[in-house]
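The values are calculated or read from the model by the stated rules, or taken from the named source; none is laboratory data. Bear in mind the structure is a predicted one, so any value in this text is a computation, not a measurement. Cβ atoms come from the backbone with ideal geometry, glycine included; neighbour counts cover every protein chain shown. To get the accessible areas, we keep the full protein, side chains included, count just its heavy atoms, and leave off ligands, DNA and RNA. Shrake-Rupley method; radii C 1.70, N 1.55, O 1.52, S 1.80 Å.
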Amino acid sequence: MPAIRTPRRALAAATGALLLALTTLLAGAGTAQAALPAPVSAATARSYLASIAVAAESHADTYDRTLFPHWITISGTCNTRETVLKRDGSGVVTDSSCASVSGSWTSVYDNVTTTSASSFDIDHLVPLAEAWRSGAWAWTTDQRKAFANDLTRPQLLAVSASSNRTKGDQDPANWLPQASYRCTYARAWVQVKYFYGLNVDSAEKSALTSILNGC
């Protein structure tokens, strides 16, 4: 089974570190919070990409979204989705169940803005199905749960439902966000795949290389 590319401490302490970071994140209800965790630099992403194994995708026919448990409780009544909405919005106000009742959100994928949290999706930047085909099929359920709810890496962000549905489970060879966000997107994509020890296919690597070389 392919191991996630990270020191052993990362998986062992992932939940604890995540909850510690979110104690601060969730403390100031009604105020805008930090956006997507900043991805590594383009130079670092190029270095990471050079070391990621290139392999054809596999096991597509055995993928099931339920194999990646989400959304999990993060703190109090707040689950992962609600936490990301609070983090990525501006002027967000939540009720006692942690649902966002007001605020505004702008989708970095297509520049769509909304004041209705229910109209936005929380995107897995590296889609769950893509992760499965790239090596997550061999992970444990706990590893897949950590991946599906990862708020430490640049893996989760609030985007318009239309852009998320258009993206689906495609990799950067077949789908990209608006031009102004592509460098950030490619850097984040490579960081996530590197951290989790996931493969890239040849077309995916070519697309990422092209983007990163232009960053």
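I want to confirm something. Restricting to the range 126-135 and keeping residues that are open to solvent by less than 20 Å² (accessible area, probe 1.4 Å) and over 13 Å from T66 (Cα atoms), which single residue is nearest to the chain's Cα centre (by Cα)?
Taking the candidates together, the pick is V126.
Check off (1) over 14 Å from the mean Cα position of the chain (by Cα); (2) within 26 Å of E57 (Cβ to Cβ); (3) not in a loop (DSSP other than H, G, I, E, B) for W175 and give me the number that stays unchecked.
It fails just one condition, (3).
Considering each residue of the range 162-203, count those that are touching a helix residue (DSSP H, G or I) at 6+ places or on another chain (Cβ under 9 Å) and open to solvent by less than 20 Å² (accessible area, probe 1.4 Å), and give that number.
13
From the list S58, S116, which one is under 19 Å from Y196 (Cα atoms) and either open to solvent by less than 60 Å² (accessible area, probe 1.4 Å) or of a type outside the set (G, A, S) (or both)? Break it down stepwise before answering.
On the way: S116 fails: under 19 Å from Y196 (Cα atoms).
Within the list S58, S116, the selection yields S58.
Sort out which residues of the range 91-113 are touching a residue at least 60 places away in the same chain (Cβ under 8 Å), under 25 Å from T77 (Cα atoms) and open to solvent by 20 Å² or more (accessible area, probe 1.4 Å), and write them in order of number.
Matches in the range 91-113: G91, V93, T94.
Among the candidates D142, D123, single out the residue that is open to solvent by less than 10 Å² (accessible area, probe 1.4 Å) and farther than 22 Å from V54 by Cα. Steps first, please.
Values: D142 fails: open to solvent by less than 10 Å² (accessible area, probe 1.4 Å).
After ruling out the rest, the residue left standing is D123.
Determine, yes or no, whether S96 is out of contact with any His (no Cβ under 8 Å at 6 or more places or on another chain), among the polar types (S, T, N, Q) and within 23 Å of Y194 (Cβ to Cβ).
No, not satisfied.
Does D150 meet the test of being assigned to a loop (DSSP other than H, G, I, E, B) and crowded, with 19+ Cβ neighbours inside 10 Å? Give the steps one after another, and end with the answer.
Details: assigned to a loop (DSSP other than H, G, I, E, B): yes; crowded, with 19+ Cβ neighbours inside 10 Å: yes.
The answer is yes for D150.
Could you list, in sequence order, all residues of the range 79-90 that are open to solvent by less than 20 Å² (accessible area, probe 1.4 Å) and in contact with a helix residue (DSSP H, G or I) (Cβ under 9 Å, 6 or more places away or on another chain)?
Matches in the range 79-90: T80, T83, L85, K86, R87, G89.
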